[in-house]
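The values are calculated or read from the model by the stated rules, or taken from the named source; none is laboratory data. Owing to the predicted nature of the structure, the values given are computational and were not obtained by experimental measurement. Here the Cβ positions follow ideal geometry from the backbone for every residue, glycine too, while neighbour counts run over all protein chains shown.
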Amino acid sequence: MSEHRPANRPLIIAIDGPAAAGKGTLARRLAGTLGLPYLDTGLLYRAVGRRVLDGGGDPADPTGAEAAARALRPADLDRPDLRGPEADAAATAVAAIPAVRSALLAFQRNFAGERGAVLDGRDIGTVIFPDARVKLFVTASLQARARRRWLELRAKGSDAELSTVETDMRARDALDAARAAAPLRPAPDAALLDTTELDADGAFRAAMSEVARRR
Ligand code: C5P
């Protein structure tokens, strides 16, 4: 056993993947079952984007976005307006700015603390916790993911078209994967989990067997 990887180090489960692949549902359930805190790191970028929009700024402007990231407070993550197309686009824009990512790094690392945690996002296994004991990269086809997001939006009363949701999602995934700062990609040691044909129970069972294998 290497001195950098003591057997009793906290259990960190890093879950990455594109939008609406099922990361959040899976992460929440793993955290509940294993008694670990859960952090949806997308909320950090969403809340930064919201702060910029509140001030009338452009989320793609590095100076304003960095200031918003530095001013972020835990209560910002509870805002009710962090979802929807405007918040999606603002989050993706601020997330491409390296200074924003640096400003949010310590919060994410501190969240796991001594206790461990389940975190989901785009760069948890590659940048935030490259030594995480369990890494999952959760994907699904674009069509399956867009349909899930569309059903969620409809359940909330939105009349968005499926084709618009799919177009927005394709664009957001492309920006996340192409950006220079912490692009979306599986860590070399991540287990791939394709949920296109899996329901939430199936994804949970597959993830728990990976947890058992790596623990
Ligand atoms: O996961 P969610 O869709 O809520 O994330 C919103 C946006 O925040 C993503 O499109 C991505 O641009 C960004 N993000 C990120 N790194 C993370 C989590 C989210 O770049 N760890």
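For Asp131, the conditions (1) part of a loop (DSSP other than H, G, I, E, B); (2) touching a helix residue (DSSP H, G or I) at 6+ places or on another chain (Cβ under 8 Å); (3) at pLDDT 95 or above all hold with the exception of (2). Selection of helices (runs of 4 or more DSSP H) fully inside segment 1-71 by the criterion of at least 3 residues being free of Cβ contacts under 8 Å to residues at least 24 places away in the same chain returns 62-70.
For segment 131-145, the condition of being under 30 Å from Gly56 (Cβ atoms) and not aromatic (Phe, Trp, Tyr) holds for none of the residues.
Scanning segment 149-191 for residues that are buried (at least 17 other Cβ atoms within 10 Å of the Cβ) and touching an Asp or Glu at 6+ places or on another chain (Cβ under 9 Å) turns up Arg149, Trp150, Leu153, Asp168, Met169, Arg172, Ala182, Leu184, Pro186, Ala187, Ala190, Ala191. Of the residues Ala146, Ala95, Ala91, Ala140, the single one that is at pLDDT 95 or above, touching a Leu at 6+ places or on another chain (Cβ under 7 Å) and crowded, with 21+ Cβ neighbours inside 10 Å is Ala146. When segment 193-215 is filtered for residues that are outside any loop (DSSP other than H, G, I, E, B) and among the aliphatic types (A, V, I, L, M), the ones remaining, listed by number, are Leu193, Ala200, Ala203, Ala206, Ala207, Met208, Val211, Ala212.
Please go through (1) farther than 17 Å from Ile15 by Cβ; (2) surrounded by fewer than 18 Cβ atoms within 10 Å (Cβ to Cβ) for Arg133 and return the number of the only condition it doesn't satisfy. Exception for Arg133: condition (1).
Before we move on, is Ala117 crowded, with 17+ Cβ neighbours inside 10 Å, under 25 Å from Met208 (Cα atoms) and among the aliphatic types (A, V, I, L, M)? In short, yes. Taking (1) part of a loop (DSSP other than H, G, I, E, B); (2) among the small types (Gly, Ala, Ser); (3) within 12 Å of the ligand (Cβ to nearest atom) in turn, Ala93 satisfies each apart from (1).
Residue pairs whose Cβ atoms lie under 9 Å apart, separated by 6 or more positions or on different chains, with the first residue in segment 99-121 and touching a residue at least 12 places away in the same chain (Cβ under 8 Å) and the second aromatic (Phe, Trp, Tyr) and in a helix (DSSP H, G or I), are Val100/Tyr45; Arg101/Tyr45; Leu104/Tyr45; Ala117/Phe111; Leu119/Phe111; Gly121/Tyr45.
Sub-9 Å Cβ pairs linking a first residue in segment 186-215 that is outside the structural domain of Ala19 (by TED's automatic domain parsing) and farther than 20 Å from Val127 by Cα to a second residue that is modelled with pLDDT of 95 or more and surrounded by 15 or more Cβ atoms within 10 Å (Cβ to Cβ), at least 6 apart or interchain, number zero.
Scanning segment 120-137 for residues that are over 30 Å from Gly157 (Cβ atoms) and either near the ligand (Cβ under 9 Å from one of its atoms) or under 14 Å from the mean Cα position of the chain (by Cα) (or both) yields Asp123, Ile124, Gly125, Thr126, Val127, Ile128, Phe129, Lys135, Leu136, Phe137. Taken over segment 122-170, the residue count meeting the criterion of being in contact with a Ser or Thr (Cβ under 8 Å, 6 or more places away or on another chain), farther than 20 Å from Asp40 by Cα and among the hydroxyl-bearing types (Ser, Thr, Tyr) is 1.
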